[in-house]
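One structure below.
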Amino acid sequence: LARLSRERERERERGMFISKKQKKAIRERKKKKKLAANSAAVKHNIVKNTTYDDHAPPQNGHKEQQQHNDNAVEESGKDNEATGSGPLMNCQVTEAGKRIVRVPYGMDPKETKKFRKDIRREARKLGLDEDTLLFVNEGDEVPVEVTKAENANSRKRKREFPNINQLIKENKVMTEKKAKKEAQQLSESQLSDEIKDQYVAVDCEMVGIGKDGKISALARVSVTDWDGKVLLDTFVKVPSKVTDFRTQWSGVSARHLKSQAAMDVEECRSKVAQLLKGKILVGHALKNDLDALMLTHPKESIRDTARYRPYQRLGGQKWRARKLRDLVKQHCDMDIQQEGESHDSVDDARAAMELFKVSREAWEAELDRKLKKFRSAL
């Protein structure tokens, strides 16, 4: 170690030895110098349109041309600073709306790629369309008509081929859905009419009353049976002043509530109570519907798809209800409550019933187990 130390001392005295720290500092200086040069070219992006005879490079080689480019960038940068114009603003614009960007001569492929990438990034910042950029080598003529294929900026897009794994996955999902649907149809065909008559679905639409329209009042109610047949669908007269019709969601307007077909609240409640008596009630978020109807129903006779655990999502360490629209799309391949359209209580009631049918056997079996467990505990 002592001998090695003495040798290093002698090399340091001769100026031959360079430590790791010094090497790192030299690399950093070179890197900063290169980054400064690149950023200057990207920042100003104005290179003088210099033409050469027969489009040939200067005779003194690449070094002179590189010096020429550097001088052009520096002069352009001074002009930009003086005028305050941003990059890409002084580029030539063709009749087709293309912006001509001159690529300085003497750049290697890697530098050219970086130059184009920086220009595209700058165009995005300025809100310009990247497809309007046309990169032309300095000294080359600009084509009269520029198509997308001739644009040097257009990237080579890979041909899109179907992914075999994705196709297999989609086929598997479709097969499972088909088998599940066939099993469901077979199970439903074996059900007697007496069992089917036990189920009814209900959905209500509400409007807002009160000062801010935050209090919900019943405005429409729909009741359907197992097969989706409408048992009752009527608008309801609101005894209080409506401050928010919520038309974008409820689909209810003033003319519906003022029509002669609209029922009184008490008459509507009486008819709904008669239809629900002794039935198994199916729906989504039935608490809101029953509160609006001011009715109650036995807990063991309620099938609320918003509270069924397999149809819920876990969020914040708590099971939360999902939207009916998402559930029927996933499990029944049905589209309801489209964006921009108001809700339809008949469609929602039918959708809730179809969603219940998908898991009816498992749902009823689970309730039977809970009932037996409860009875055994007594």
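The values are calculated or read from the model by the stated rules, or taken from the named source; none is laboratory data. Treat the numbers as computed from the prediction; the structure is a model and nothing was measured. As a convention, Cβ positions derive from the backbone with ideal geometry for all residues, glycine included, and neighbour counts pool all protein chains shown. Heads up: the accessible areas ignore ligands, DNA and RNA and are worked out on the full protein's heavy atoms, side chains in. Shrake-Rupley method; radii C 1.70, N 1.55, O 1.52, S 1.80 Å.
For residues that are in a loop (DSSP other than H, G, I, E, B), touching a residue at least 40 places away in the same chain (Cβ under 8 Å) and of a type outside the set (G, A, S), scanning just segment 97-136, find the one that is nearest to A36 (Cα to Cα). Going through the qualifying residues, I end up with P104. If you filter segment 203-243 down to residues that are hydroxyl-bearing (S, T, Y) and more than 25 Å from T305 (Cβ to Cβ), you find that the one that is surrounded by the most Cβ atoms within 10 Å (Cβ to Cβ) is T243. Can you say whether S250 is farther than 22 Å from T296 by Cα, touching a strand residue (DSSP E or B) at 6+ places or on another chain (Cβ under 9 Å) and crowded, with 18+ Cβ neighbours inside 10 Å, as far as the supplied structure shows? In short, yes.
Answer yes or no as to whether P143 is at pLDDT 80 or above, open to solvent by 40 Å² or more (accessible area, probe 1.4 Å) and more than 32 Å from the chain's Cα centre (by Cα). No: the conditions fail for P143. For segment 275-291, the candidate set comprises residues that are out of contact with any Leu (no Cβ under 7 Å at 6 or more places or on another chain) and hydrophobic (A, V, I, L, M, F, W, C); within that set, the residue that is surrounded by the most Cβ atoms within 10 Å (Cβ to Cβ) is V282. For segment 222-242, a residue qualifies if it is touching a Leu at 6+ places or on another chain (Cβ under 8 Å) and within 13 Å of V200 (Cα to Cα), and the qualifying residues are S222, V223, T224, D225, L231, L232. Taken across segment 26-40, residues that are modelled with pLDDT under 70, polar (S, T, N, Q) and outside any helix (DSSP H, G or I) do not occur at all. Note on segment 255-272: residues that are open to solvent by 40 Å² or more (accessible area, probe 1.4 Å) and aliphatic (A, V, I, L, M) total 1. Scanning segment 327-359 for residues that are of a type in the set (K, R) and touching a residue at least 40 places away in the same chain (Cβ under 8 Å), we see that the one that is surrounded by the fewest Cβ atoms within 10 Å (Cβ to Cβ) is K357.
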